[in-house]
Structure formats: structure tokens, C-alpha cells
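Notes for the one structure printed next.
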Amino acid sequence: MIVMDRKKYKQLRAAVALFVSAIVGLAVVRDSYLLATAGVLTGMVFMFLVRSKAKIRTDERELTIQEKAARMTYAIFAPTIGIAAFLMMLPTKGGISVFSKGEWLFMETLGMVFAYLTLFLIVIYAISYHFFNKRYGGGGNEE
Amino acid sequence: MGVAAMKNKLKVYRAMHDLTQEQLADKIGVSRQTVIAIESNKYLPSLGLAFKIARLFKVKVEDIFIDEGKEDENDN
């Protein structure tokens, strides 16, 4: 089995993505669904083969960085988008949002989308937290 | 809560075994950046990696990694 470090794997993935996007671009110009499908499938199969034949060496420091970045992204993104959703849907006059008329009408809809997005994010976080908590020995009462 | 502050002698052991950072990184399966970060005490390796390093140099973990006792807020 070939050992490949993460950096090389990322470079390879970028090259494959470039190839697939070029093929899809060409397919759009030629108006050919077949070419686009073939391009995407080729890319997917190639990446699948790379992942199954080569052992990708992950650097633990990089994993730590990714974990920290993900945590920070969540900590910033969830409240920001939640507060934005709340402000956009803020009822002022008789339970109707301040944005729910005229040219600002879309703001309330956008607020709704943001609210669902926030809920989705929190649900995903809760599920993955529960999953990893169980995986790493949490939740049990064993002594 | 932070983790215990650690110092390490990785650079010393690496020099004793005449290894470059790149060679050491290859032997323990990490990037050169990780070796640099460990040597400069910016990154605390996992227990598995610490044992791997100790095994490579045929010493005990505590010979390379020294616990300074006090708590450090800058955990990783």
C-alpha cells in the first residue's frame, strides 16, 4: 500500500477537481449531459481508488488545528446567524415584522431561512456530540 | 482548565541520533511542522505519538518529555 501524506492528497484532490470542472465546463459549452456525467463519475472513481489503494497519513497536529477551527467556527457562526434571524423576524407592530412590507419583504423570509439554518446547525452539533460522546466512553454508568 | 506545562528534549535526542527534522517526521509519521512545533514547545503531542518518539530513541517517555508541574492555560 502506498503511503501518502495529507498535503499530497490535497494536491491530488485539487488536480482532480480541476480536471472534473474543466470537463464539466466543456460539457456545458457542448451541451452534453453525457460528457458532464462521465467527467464527474471519472473523478469520483479515481478518488475512490486513491483512497482505497493509498494510506493517507494524517498529521495529529493538523487534526487538532481542524478541531479548534471547527469549534471556533461553530461558536461564532451559530450565535451570529441566530441573532441575525431573530432581528430579521423581530415583531414590532401587531406581531408583524418590521421588514414584512415593501422592498424589505424578503428580509423576513431570509430571517426564517437563517432560523432554520441555526436550528439545523444546533441539531447536527447535538447529534455528533452525542455520537462522539458515546464513542469515547461517555454516557455509561460502568465503574 | 489548562494542561500541565511540558518541556522536551526532542531536539537533543534528534541531534544525538543525527536525524533531521524531516527524517524524524517521516519515522514517526507526522509532518515536519509538527516536529518543529513539538521542539519549540508550541504543541504537546498525543500520548501515542510521545510513546512512538520514545520507542524510536529507545528511552522512556519521561526522559524526553519533562513535566514542569505547573498548569499551563495554553493547552492544545
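The values are calculated or read from the model by the stated rules, or taken from the named source; none is laboratory data. Remember, it's a predicted structure, so these values are computed and weren't measured experimentally. Heads up, the Cβs are rebuilt from the backbone with ideal geometry, glycines too, and the neighbour counts pull from every protein chain shown. For accessibility, only protein heavy atoms count, side chains too; no ligands or nucleic acids. Shrake-Rupley method; radii C 1.70, N 1.55, O 1.52, S 1.80 Å.
Quote the relative contact order of chain A in percent (integer), defining contacts as alpha-carbon pairs under 8 Å separated by 6+ residues.
Values: 92 pairs, mean separation 26.6, N = 143.
Result for chain A is 19 percent.
Just the protein heavy atoms count here, and of the accessible area of chain A at 1.4 Å, carbon and sulfur take up 70 percent. Taking chain A as a Gaussian network of alpha-carbon nodes connected by springs under 10 Å, the highest mean-square fluctuation of the residues A:Arg51, A:Arg13, A:Arg30 belongs to A:Arg30. Can you pull out the buried accessible area for chains B and A, both sides counted, probe 1.4 Å, rounded to the nearest 100 Å²? The buried area between B and A, both sides summed, comes to about 800 Å². Normalised by 2.2 N^0.38 Å, where N is the number of residues, the C-alpha radius of gyration of the range B:26-67 stands at 1.07. FRET efficiency for the A:Lys53 to B:Asp67 pair, using the beta carbon distance and R₀ = 35 Å, is estimated at 0.25.
Extension gain for A:Met1-A:Tyr33 works out to 7.9 nm (0.36 nm per residue, less the C-alpha to C-alpha distance).
Approximating the spin labels as points 7 Å out from Cα along Cα→Cβ, the A:Lys68-to-A:Ile122 distance works out to 2.8 nm. For the range A:46-66, the residues whose backbone nitrogen is under 16 Å from a point 7 Å from the Cα of B:Met6, taken along Cα to Cβ, are A:60-65. Solvent-accessible area of A:Lys55, all protein chains in place: 120 Å² (probe radius 1.4 Å, heavy atoms, ligands and nucleic acids excluded). Taken along the Cα-to-beta-carbon direction at a fixed 7 Å, the label points for B:His17 and A:Thr42 span 4.5 nm.
The calculated 222 nm mean residue ellipticity attributable to helices in chain B amounts to -13000 deg cm²/dmol, summing -39500 (n - 2.57) over DSSP H runs of n ≥ 4 and dividing by all residues.
Computed from the alpha carbon positions, the gyration tensor of chain A leads to an equivalent ellipsoid with semi-axes of 39, 30, 13 Å, biggest first.
Here's how it looks for A:Arg57: its modeled amide H is under 5 Å from those of A:Met4, A:Asp5, A:Arg6, which are all 5 or more places away or on a different chain. For the range A:31-92, just say rounded, prolate or oblate: build the C-alpha gyration tensor, square-root its eigenvalues into a ≥ b ≥ c, call rounded for a/c under 1.5, and beyond that prolate if a/b exceeds b/c, oblate if not. Because a/c hits 1.5 or more and a/b fails to exceed b/c, the range A:31-92 counts as oblate. Each eigenvalue of the Cα gyration tensor of chain B, multiplied by 5 and square-rooted, gives one semi-axis; in descending order these are 21, 13, 10 Å.
Could you work out the mean projected area of the convex hull around the alpha carbons of the range A:1-75, in square nanometres to one decimal?
Working: hull surface 26.2 nm².
Taking a quarter of the hull surface, the average projection is 6.5 nm².
At 222 nm, what value in deg cm²/dmol follows for chain A if DSSP H runs of at least 4 each add -39500 (n - 2.57) and the sum is divided by all its residues, to the nearest 500? Let's see the in-between values first.
Details: 4 runs with 106 residues, N = 143.
When only DSSP H runs of four or more count, the value is -26500 deg cm²/dmol.
Put a plus charge on the Cβ of each Lys and Arg, a minus charge on the Cβ of each Asp and Glu, and nothing anywhere else: the dipole of the protein assembly as shown about its Cα centre is then about 800 debye. Straight-line cross-link partners of A:Lys55 among the lysines, defined as a Cα under 30 Å from its Cα and at least 8 positions apart when in the same chain: A:Lys7, A:Lys8, A:Lys10, A:Lys68, A:Lys134, B:Lys11, B:Lys27, B:Lys42, B:Lys52, B:Lys58, B:Lys60. A simple count of charges around A:Ala38, restricted to other residues whose Cβ falls under 15 Å of its Cβ and scoring Lys, Arg +1 and Asp, Glu -1, yields 0.
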